[in-house]
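I have placed the structure first, in the form of structure tokens, so that the comments after it can refer back to it.
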Amino acid sequence: MIKLENKNRLLISYGFEPKVMLPELLKEANFLSELPSSGLIVIKPNLVLAKNSSSGATTDPQVVASIISFLKINGFHDIAIMESSWLGDCTDRAFRICGYEEISKTLNVPLVNLKKDQTKKVASGSFTFNICKKVLDSAYLINVPVLKAHCQTRLTCALKNLKGCIPDSEKRRFHDFGLHEPIARLNSAIKSRLIVVDAIIGDLTFEEGGTPVQ
């Protein structure tokens, strides 16, 4: 699935081959004219933990690789993959286990561990929180979440995926406040210009910690 910030369009492709599906979807999305002529394009997958995408937990690396290849074919080369895994897990390990080190080597795109990044304080409504500076300094953000269930928000997708753009101390604080409003405020502070949802597994029963009882 693809959603563009400035266009009221949701594009859906059914299948299991990202290398075939993504170029077709991205071409139909017609978003290239929105891309800046200079400045960093950030791709933010969901690598919440070091677990293969076949589990339904993390973004399929073929989805991200297909996006990068499409961008490079069309002349955009200033690209980075950025992520910060959840509390207690190692982002560098997630990059390796989830297949992103291979993408980095093959497509010559750097991996940025946001747990090691500096932060900047941002206000949104009644909330003030720290956001990773490299995300804020980027020119264009492509949000690539996984469609799955969540034990507190019931659904985790594009909005919740941006929690990987804040330091661990803020992740803890978001839970203290209750996730809903902080996540909404975070998404008003960070703009996802293009959203590509990995629903290849689309496991709405999956979530570490279990799903809510109906």
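Figures for the structure shown
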| item | result |
| --- | --- |
| Solvent-accessible area per residue, Å², over region 1-89 with all protein chains present [probe radius 1.4 Å] | 46 |
| Surrounding net charge for Val112, when Lys and Arg each add one and Asp and Glu each subtract one, Cβ distance under 9 Å | 0 |
| Gyration tensor (alpha-carbon) shape descriptor, the chain, a/c threshold 1.5 | rounded |
| Prolate/oblate/rounded call for region 60-137, Cα gyration tensor, a/c under 1.5 rounded | oblate |
| Cross-link pairs beyond the 25 Å C-alpha cut-off, checked among Lys72/Lys116; Lys72/Lys148; Lys105/Lys148; Lys133/Lys163; Lys27/Lys133 | Lys72/Lys116; Lys72/Lys148; Lys105/Lys148; Lys27/Lys133 |
| Carbon/sulfur fraction of accessible area - region 36-176, other protein chains in place, 1.4 Å, % | 50 |
| Sequence-separation-based contact order of region 1-82, relative, with Cα cut under 8 Å and 6+ spacing, percent | 29 |
| Interchain or long-range residues, amide H under 5 Å from Arg193's placed H | Leu141, Asn143 |
| Value at 222 nm in deg cm²/dmol, rounded to 500, when DSSP H runs of n ≥ 4 in the chain each add -39,500 (n - 2.57) | -9000 deg cm²/dmol |
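The values are calculated or read from the model by the stated rules, or taken from the named source; none is laboratory data. Keep in mind that this is a model prediction, so the values were computed, not measured. Note: ideal-geometry Cβ built from the backbone for every residue, glycine included; neighbour counts use all protein chains shown. Side chains are part of the model used for accessible areas, which takes the heavy atoms of the whole protein and leaves out ligands, DNA and RNA. Shrake-Rupley method; radii C 1.70, N 1.55, O 1.52, S 1.80 Å.
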